[in-house]
Amino acid sequence: MTPAIVGVGQTPYRGRHEGADAATLMSRAVRACLADADMEMHAVDGIVASLAPDALVGAKDMDRASVGRLAMGKPMVRVNTGGTSGSAALLTAADYVRSGRWRVALAVGLERMGQATSAAGLFNTIFDPFFERDLPMSTITMASLRASMLMSRYGYEAEHWARIAVRNHRHARRNSYAHLHLDVDEADVMASRMLAWPIHLYEACPSSEGACAVLIVNEDHVGDRKAAWIRGTGSVTDTYWMGDRFNRPEGSLVDLPTLRLAAEGAFSAAGLRTAHDVDVVEIHAPFSSAEAMAYPALGLCDPEDGPSFALASTETDHRPVINPSGGPQAANPVSAAALIRVAECAQQVRGRAGEHQVAGARWALATGQGGATQFSTVIIVSSERETT
Amino acid sequence: MTRDDELLTIGERWDFEYRYFAGETTSRFLVALRDEGRIMGTRCPSCKRVLVPARSFCDWCYVDTEDWVEVGPQGTIETFTIMTAPLPGLPDPPVAIAYVTLEGADTAILNTVRDLDLNDVETAAELLLSQPPVRAEFVEERLGRITDFHFVVIDR
Amino acid sequence: MVTAYVGGTAVSIGWADQRSSLTELIYQTVTEALSDAEAVIDDFDAVVCACHDLVDGRSLSSMITAPAAGAYMKDEVRVSDDGAVALALATARVEAGLSDGCLVVAWGRASESSVDAVSGTAYDPFFHRPFGITDLAVSRMRAARWFSERDLSDDERRTARRERSLRASNAPNSAESDLEGLWPLRDEELPRFADVVAALTLSPRSSDVAVAGVGQASEPYRPEDRPLLRFDALTRAGDRALGEAGTSAHELSMVEVDGMTLFDEAIAIESLGLAEPGRGIGALSQNPHWNASGGSAAGYCPPAMGLVRCVSAVRGLRDLGGGYALGTGAGPVSAQTQTAVVFKASQ
């Protein structure tokens, strides 16, 4: 039984949504999603909410208040796997549908990090209290550690990070939902403030608020709705210890073995071999360098050819199209970001991506990353239920 | 007459206290830093890796570790970064941190790299990119915390 | 469709044992469940964890804790929700044919944090938090409502407390934390906060205990929008689980209900239709198979409790050698959500 996405709803992503409480933001996305699916709330069997760090929003289990208003007594589940919360929520909803327990499921992601006035400091507390919190470990430095390793190991240079950022921002200008609509060139990016060597400000993600909702149904409930069929999925968790990931046969810190394994599982189920077999790839990466780590893991190139692939991928006619939405560098509402990647892929194969639609897109792949690239997910959708 | 366009906010400060139990193994590791100036690892009997910092179990093989092994003081840099923008609650920039695999260890451990000229970040980065050998150096007043030691580049 | 069977179980309840870190407690408990299942870690391809960042004091706790639960290179997901929800999701995965062996693990280490204070942050910042509303405060209001609307003789109350303490004293590890009497509740009616880890193995391979039914439901967010003396979500979740299992509440041989206090547990019993309104406290003390474990008096720390109750239900069922058992789990914001799981034993 192949589940399908038949509805997508998003709010615009902004630094702060003044004047809207969490429940309002959530209900805007949910209503848009249900309208898109031509489905009523009473037909929904269960709701899975994605909410990453509570301290970011200053409320424990914020889904209980916001989803609670819409739930009408239905089952509610909260998933929290950090950055992958959004995709994990979708996979959880799909698990319930695949089991037959639910026929129609809603996956929702909500981010209100604009409520935290000291968000950056909070992120340090994801790290081990004994071995890492005393050191300048943050979401920025954990990414820059990887960026410098990509440079020493595979020959990436500052220009590569800048070019990737320029491409993502170019795409975002055609996505009305995106938070940032920057018009920057390579020089602008490399001149922007350095956060932690080698990462510049314009290569990093913004801090965004907003909500995204996706409706998943079993195949009997698709009817004549426009569907994005979920053809392959994968989810793999790594060890916490970054120090353990340098010298191991599975692959080093920057080789992302969990993403590779998750992708292999998804490709196999979908009857595909690599991401060259899809039209669109939405990569969940808050930094240019994080995006680059995904290329070999998705079979787009060998690791040594990463830099040249990166440059080629920034050309306007490159296929597959990477991040037609602009990706997390243009909007990063943490709890929703991985779900948005799937939502965008679904809209692409359903032909509903508006101004950033990739012509003729039939297959799309969304990645998800959580923790310090510890959790990896891959979700592949198609306009076709099966390959004939 | 009440205004219908006034948007209110309410402030709150979260101030929860936590105390984390290090457990015997982590305590022994930190005490070895403090009292002996030694960095210790433990070996997994199944995959044979020496895990640093010392851990009571190997999460790959899911078995208890056994032997305690001293590692270092020399080591190689696996990767590094230089923090240039301030972050609340963390030491002032610029600060260089690196993952270093110490001699005898199979895993790398994180700490700061000192005695670098960080006024010129690009030059410092170039040096660290070349992965020069480093050694662990202990501070005078040790507290049983990871900051009881740091790394310095070995002069050639 | 595939049936999910329970292999092994383990529960660890203690307090402030300095010898072990949180990750070590988790690893030890899961290792015990594996041993109970006569299985090894490689027999499992998936893990579902239930824990909460604010309880664990780590802003993305599962980074550090999921591998301790056996998640390395597996398909692992963490629900920031009650432990019985993790069991419900794991059941769905096995039934969908997505897993050949799934570990279900839930924990909360009360000695490392301020669990009830943390629970208060789930309440409305404008209307509830200024008054220090927490899960315990709401439970106390529930008990106060019980006293104003119903009769409860001193005898019946004393008997219930004594029976609860007796059953809790059988708990394998002692929990030493104590709450001072909080009106209108006496010490033995309150939860005994503890360091709790529960683990259970689930697979499509046949065993003596199957998951026969699962139900989940929710209620409005604000406690004042819900009836204080009923858990409507539990009624619906219970009906769903029992219906799916093809049995009824009165045919259950073993019942383990999750509730923060004796009164919450009594209301849960009533909400499942096991006792008439107002008779829940007496029913709990009279029936040796209802919360035989001692319930929240035997050790308590959200969000582990739904899985602890389910493990207790399974163990009780195994001791009896046959029949049906029910375990329930209550979610945050004073049981806004509820999960009910029915287990069936075969000889």
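No value in this document is a laboratory result; all are computed from the given coordinates. As the structure is a computational prediction, the values presented were derived from the model and not from experiment. Reconstructed Cβ throughout: ideal geometry from the backbone, glycine too, with neighbour counts over all protein chains shown.
Things to note:
- Note that chain C carries a Kirkwood radius of 19.7 Å, evaluated over its alpha carbons pair by pair.
- Shielding of A:98-109 by partner chains, average beta-carbon count, 10 Å: 3
- Relative to the longest principal axis of the Cα atoms of chain C, the long axis of helix C:83-95 makes an angle of roughly 40 degrees.
- Near A:Asp36, once Lys and Arg are set to +1 and Asp and Glu to -1 for all other residues with Cβ below 10 Å from its Cβ, the sum equals +4.
- GNM top mover of B:Ser56, B:Ser27, B:Ser130 - chain B, alpha-carbon springs below 10 Å: B:Ser130
- Going by neighbour counts of Cβ atoms within 10 Å, the residues C:Glu112, C:Glu256, B:Glu6 line up, fewest first, as B:Glu6, C:Glu112, C:Glu256.
- Gap separating the Cα centres of the range B:1-46 and the range C:110-152, nearest whole Å: 26 Å
- For A:Glu186, net neighbour charge (Lys/Arg +1, Asp/Glu -1) across residues whose Cβ lies under 12 Å away: -2
- Taking a quarter of the surface of the Cα convex hull of the protein assembly as shown gives a mean projected area of 36.3 nm².
- Cross-link partners of B:Lys48 among lysines, defined as those whose alpha carbon lies under 22 angstrom from its own and excluding same-chain residues fewer than eight positions apart: C:Lys74.
- Equivalent-ellipsoid semi-axes for the range C:62-204 (Cα gyration tensor, √(5λ), whole Å, largest first): 34, 20, 16.
- Estimated inter-spin distance, C:Arg230 and C:Glu251, nm [label 7 Å along Cα→Cβ]: 2.5 nm
- GNM top mover of A:Thr377, A:Thr11, A:Thr139 - chain A, alpha-carbon springs below 10 Å: A:Thr139
- Looking at the range C:70-170, the chymotrypsin sites (Phe, Trp or Tyr not before Pro) that sit in a DSSP loop and have at most 13 other Cβ atoms within 10 Å of their own Cβ are C:Phe126, C:Phe127.
- Taking a sphere under 11 Å around the Cβ of A:Val57 and counting the other residues whose Cβ falls inside, with K and R at +1 and D and E at -1, yields a net charge of -3.
- Surface/4 estimate of mean projected area, convex hull on alpha-carbon atoms of the range A:104-209, nm²: 9.9 nm²
- Mean projected area in nm² (Cα convex hull; one quarter of hull surface) for chain B: 15.5 nm²
- Folded to 0 to 90 degrees: helix C:232-245 orientation relative to chain C principal axis, Cα: 40 degrees
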